[in-house]
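Every number in this text was worked out from the coordinates using simple rules, so none of it is lab data. Remember, it's a predicted structure, so these values are computed and weren't measured experimentally. Here the Cβ positions follow ideal geometry from the backbone for every residue, glycine too, while neighbour counts run over all protein chains shown.
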Amino acid sequence: MSRPKAPVVALVDADSGAQPAKGASAKQQRSPLSRKRVDTVISRSVAWFGIVFGLQAIPSLLGQYSLGQPLWSALAVGAMYGSLVVALLCSTIKRWVTGSHLLVSGVYVVALLTWPFFLADPAVPQQGDHWLYQLTTVATATAAIGFRVRGALIYLIVVPLIYGIIRATPQGGGGPWELGLFNAIYAIILGGAVLVIVTMTRVAATSVDEAQGAALDRYARAVRQHATEVERVHVDSIVHDSVLTTLLSAARAETPAQKVLAAQMASSAMRHLREAALVSPDDGTTVRFRQLADRVVTAARQMPVPFTVRVRSLDTRVIPSAQAEALYSAAVQAMMNSAQHAGGPDVRRWLKVSGVHGGAVEIEIGDAGAGFDPDAVPDERLGVRRSIVERTANAGGYADVRAAPGRGSVVVLSWPVFVAVDDDDAVRDAAFDDDAFDGRGEA
């Protein structure tokens with residue numbers, strides 16, 4: 001629906017100068033709520049909040065300016081109000097926002113701690129609260145922007161208490177300790193309200209970001225699945241046409257040349273079928289090793305013959321869903337082969353799923369039944385070669401089939417492959433010494 005609109009906008013742009021702006025504004029819609037936008041709004045609000053409170057403190061500042069030593073008063077006032085202006089500018093241009101708010105918090109602490117030591121005349125009592133007290137909430141608000149929640153909480157409690165203690169000393173005016181405590185609690189309550197609002201808004205924005213990210217991820221996954229399904233339908237149609245054409249040619253083949261051609265077409269159709277069966281869609285999803293193990297164990301318990309099950313050393317690592325599906329299908333095929341060909345239910349069978357050092361998973365399906373010769377399996381029998389070995393290899397794993405007539409069989413599925421196996425015969429011979437099956441699969 002959106003493609004036909006592009007030429008219309010282009011034509012209007014060529015004819016008129018007003019419509020392009022409208023079209024551009026339609027394209028540049030405001031982004032939804034996000035943590036970045038919330039941080040910008042909060043930092044600017046706190047910066048303006050600091051400027052307003054700073055202006056409100058000017059009458060008290062002018063009345064108490066002479067109580068401090070001239071140099072300290074000039075430096076303290078200049079640094080305090082200068083840091084507020086810097087925080088406002090940085091919040092406006094969205095650069096060095098955290099650092100500028102930390103600057104305000106730090107300057108306030110330095111001014112507060114040095115205030116009692118730079119009085120012009122300690123004998124002159126101070127009337128009312130110091131002008132720095134009116135900026136306490138500003139300092140705690142900027143700390144909420146600059147620090148993490150824990151650091152901002154510590155700042156919120158400690159700094160007002162420092163003012164309350166200083167206020168109760170002679171240098172701070174010699175007020176009663178109840179007054180200092182009241183001032184500290186009042187500042188903590190105001191600063192705490194700001195901290196709660198900032199924290200809750202940030203948490204909500206983060207949740208929105210995560211939800212949007214999850215939605216986009218699901219959408220991308222759905223797109224990949226749709227593309228994979230479309231491709232699979234296309235491949236299936238090609239395979240269907242190939243098989244149908246082969247069947248028709250074979251039905252009409254009368255001469256030796258036509259029969260040879262039909263055989264060649266049948267071979268090609270079989271190749272297409274094998275390739276289509278071995279293709280595993282990758283939708284980007286993952287499952288844990290434990291989930292894969294649970295599926296395999298459930299399949300083993302549903303087999304018509306009993307399997308001794310052992311699951312061990314599985315960590316929290318994950319495996320792509322396509323690879324997990326391939327390993328599961330190969331394991332089920334191996335268990336079905338054992339149930340059908342190894343003997344009756346009295347034959348000892350086992351399933352072992354274990355984690356391997358290095359973050360791999362290994363699935364072992366074995367029995368002490370009739371066994372078979374892997375090299376003597378006819379080419380038209382695809383159970384072991386296609387459904388187990390090639391399917392596992394296609395998933396990036398390795399299937400080791402160890403069997404001998406009268407000695408049982410063992411299929412070991414490993415994912416991923418860390419060490420390539422070069423000598424299959426040596427592995428197979430080593431697996432079938434006299435103790436090869438002793439103790440396997442016991443719980």
**Prompt:** Modelled label-to-label distance, ASP121 and ALA257, 7 Å Cα→beta-carbon offset: nm?
**Reply:** 12.7
**Prompt:** Can you give the net charge of the other residues whose Cβ lies under 15 Å from the Cβ of VAL85, counting K and R as +1 and D and E as -1?
**Reply:** +2
**Asked** Among ILE157, TRP96, GLN171, which residue has its Cα positioned farthest towards the positive end of the charge dipole of the range 92-202, with +1 placed on the Cβ of Lys and Arg, -1 on the Cβ of Asp and Glu, and the dipole taken about the Cα centre?
**Response** TRP96
**Asked** Can you sort LYS352, LYS94 so the residue with the fewest Cβ neighbours within 10 Å comes first?
**Response** LYS94, LYS352
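So if I take the alpha carbon set of the range 58-166, get Rg, then get Rh from the Kirkwood formula, what is the Rg over Rh ratio? The partial results should precede the final answer.
On the way: Rg = 14.3 Å, Rh = 14.5 Å.
With Rg and the Kirkwood Rh in hand, the quotient comes to 0.99.
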**Message:** For a Förster distance of 30 Å, can you work out the FRET efficiency between the beta-carbons of THR298 and ARG218, rounded to the nearest 0.05?
**Reply:** 0.65
**Prompt:** Residues of the range 171-214 with amide nitrogen under 13 Å from the 7 Å Cα-to-Cβ point of ARG37?
**Reply:** 205-206, 208-209, 212
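Could you order peptides 208-216, 341-349, 298-306 by the average number of other Cβ atoms within 10 Å of their residues, highest first?
Values: 208-216: 11.9, 341-349: 15.4, 298-306: 13.9.
Top to bottom by mean Cβ count within 10 Å: 341-349, 298-306, 208-216.
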**Charge dipole magnitude, Cβ of K and R +1, D and E -1 - the range 35-212, Cα centre, debye nearest 20** = 640
**Item:** Modelled label reach - LEU190, point 7 Å along Cα→Cβ, the range 106-136 residues with backbone N closer than 11 Å
**Value:** 132-136
**Theoretical gain in end-to-end length, GLN171 to SER207 [0.36 nm per residue, Cα-Cα removed]** = 8.1 nm
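Can you tell me which of 133-142, 109-118 comes out highest on packing, and rank the rest after it, using the mean Cβ neighbours within 10 Å?
Numbers: 133-142: 25.8, 109-118: 16.5.
Those peptides, ordered most packed to least, come out 133-142, 109-118.
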**Message:** Need the full-extension length gain, LEU113 to ILE154, defined as separation in residues times 0.36 nm minus the C-alpha distance. One decimal, nm.
**Reply:** 13.1 nm
